[in-house]
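The values are calculated or read from the model by the stated rules, or taken from the named source; none is laboratory data. These numbers come from a predicted model, not from an experiment. Because the Cβ atoms are built from the backbone with ideal geometry, glycine has one as well, and the counts that use them run over all protein chains shown.
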Amino acid sequence: MRYIAFACRVFNTVYSLAKRCRAFSDIEDEIELQIRNGVDMVVGLDSLKTAVKIADHIAKDIKNEIFTQT
């Protein structure tokens, strides 16, 4: 259950970057800031490659939801 919470925080960080049209290379700084603010974050999910994969997953999920509603 703990790892799900970590993954959710990383997903939320990536979603926030995408929503604000920020570069995914900013994920490392965003996660470092969260750690400095006391948020328990997992190490290893803070790379550009991971951010791109997460954003792609989110986009596919949103796309599927939009097309199944019509």
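Below is a table of values for the structure above.
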{"quantity": "Residues being surrounded by 15 or more Cβ atoms within 10 Å (Cβ to Cβ) and farther than 12 Å from residue 55 by Cβ - total across the stretch 1-25", "calculated": "2"}
{"quantity": "Residue that is farthest from the chain's Cα centre (by Cα), among those in the stretch 15-31 that are modelled with pLDDT of 85 or more and assigned to a helix (DSSP H, G or I)", "calculated": "29"}
